[in-house]
Amino acid sequence: MRASVSHDRREETLEAKVRWFRSLTLEERMDYLVMMTDLILQNNPGALAKAAQDNVESPQKRIRIVERPRR
């Protein structure tokens, strides 16, 4: 089988992206994570502060406790 590069967006399915990501080594996955994080922070320096602030919100806004009705 001869691998080729396609530039057709219709072939960019979620399954194809998953297959590509799974083909990476752990080191390549971590490099990709760092690259994407750097890209996000370059384009939106406030993203880190926003994420930190989101974690400070009260737990009541993030967690819902559901109890079974008592009989």
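The values are calculated or read from the model by the stated rules, or taken from the named source; none is laboratory data. Since we're looking at a predicted model, the values are computed, not measured. Positions of Cβ are generated from backbone atoms using ideal geometry, with glycine treated the same way; all protein chains shown enter the neighbour counts. In case anyone asks, the SASA skips ligands and DNA or RNA and just uses the protein heavy atoms, side chains included. Shrake-Rupley method; radii C 1.70, N 1.55, O 1.52, S 1.80 Å.
Quick rundown of the values:
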{"quantity": "Inter-residue pairs, beta-carbon under 8 Å, first more than 23 Å from Arg22 (Cα to Cα) and in segment 33-45, second open to solvent by less than 90 Å² (accessible area, probe 1.4 Å), 6+ apart", "calculated": "Leu41/Ala47"}
{"quantity": "Subset tally (residues that are more than 27 Å from Leu48 (Cα to Cα) and open to solvent by 100 Å² or more (accessible area, probe 1.4 Å)) for segment 15-34", "calculated": "4"}
{"quantity": "Elements of type helices (runs of 4 or more DSSP H) contained in segment 16-71, each with 1 or more residues being at pLDDT 90 or above, over 23 Å from Ser6 (Cα atoms) and of a type outside the set (Val, Ile, Thr)", "calculated": "26-43"}
